[in-house]
1. From the square roots a ≥ b ≥ c of the eigenvalues of the alpha-carbon gyration tensor of segment 21-83, which class results: rounded (a/c under 1.5), prolate (a/b over b/c), or oblate?
2. Just going by the charge dipole of segment 22-141, with Lys and Arg at +1 and Asp and Glu at -1 on Cβ, which of 75, 129, 29 is farthest out on the positive end?
3. Packing-wise, with mean Cβ within 10 Å as the measure, how do 27-40, 117-130, 80-93 rank, highest first?
4. In segment 41-141, what is the volume of the convex hull around the alpha carbon atoms, normalised per residue and reported in Å³?
5. Just to verify a number: FRET efficiency for residue 45 and residue 126, C-beta to C-beta distance, R0 = 22 Å, to 0.05?
6. With a probe of 1.4 Å, find how much accessible area segment 57-98 has per residue, and write the answer as a whole number in Å².
7. Where the accessible area of segment 35-141 is counted over protein heavy atoms with a 1.4 Å probe, how much of it, in %, is carbon and sulfur?
8. Set the Förster distance to 30 Å, then compute FRET efficiency between residue 133 and residue 70 from the Cβ-Cβ distance, nearest 0.05.
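The values are calculated or read from the model by the stated rules, or taken from the named source; none is laboratory data. Being a predicted model, the structure only gives us computed values, none of them experimental. Ideal geometry is used to build each Cβ from the backbone, glycine not excepted, and the neighbour counts take in all protein chains shown. Please note that ligands, DNA and RNA were not included when accessible areas were found on the heavy atoms of the full protein model with its side chains. Shrake-Rupley method; radii C 1.70, N 1.55, O 1.52, S 1.80 Å.
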Amino acid sequence: SRRMEETDFEGGLAALAAGVDMEANDTPVADLSQTRELLDGDEDSLQALIAIFLADYTKNYALLEQAARNQDGKVLCAVAHSMKSSVGVFGAVTAAESAQQIEVAARKGDVPRAIQGVPELLAELSRVAAYLRSQLPEVRP
């Protein structure tokens with residue numbers, strides 16, 4: 001219904017204003033409050049963690065794509081394991097769960113199932129990266 005769509009939109013606006021990017025299922029893309037708590041509120045450390053994630057993001061994205069193309073279960077398992085930890089630090093639950101599914105499938109030798117999960121993980125990683133970029137301070141000349 002139209003009213004429900006408006007309510008969802010308004011809820012999404014409120015979430016964005018609060019610094020939480022929401023998915024269709026109302027799970028935040030990431031929750032930096034956990035990260036800030038872990039870092040005792042140290043914003044410089046948070047910015048450094050975000051910068052490290054973003055620096056590694058392109059390489060890991062390409063590795064996942066290549067491993068899926070090459071049907072390489074070992075690389076899928078290793079990269080998914082690494083990404084699970086990386087996104088987990090930022091409270092990116094959906095991305096972490098997606099990475100874990102790939103890791104578990106690859107570890108069990110079910111490479112087709114692992115490959116099947118790669119597009120979802122890539123999409124989630126893109127969303128996490130976009131969200132984290134939005135949390136970096138603007139650079140002024």
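1. On the way: a/c = 2.78, a/b = 1.73, b/c = 1.61.
Prolate, since a/c reaches 1.5 and a/b exceeds b/c.
2. The Cα lying farthest towards the positive end belongs to 75.
3. Working: 27-40: 16.5, 117-130: 18.7, 80-93: 21.1.
In descending order of packing, they fall as 80-93, 117-130, 27-40.
4. With only Cα atoms used, segment 41-141 gives 89 Å³ per residue.
5. On the way: r = 24 Å, r/R0 = 1.11.
That pair, residue 45 with residue 126, gives E of 0.35.
6. Values: 2000 Å² over 42 residues.
In whole numbers, segment 57-98 has 48 Å² accessible per residue.
7. Numbers: 3200 of 6080 Å².
Reported share for carbon and sulfur atoms: 53 percent.
8. On the way: r = 29 Å, r/R0 = 0.97.
Efficiency at R0 = 30 Å is approximately 0.55.
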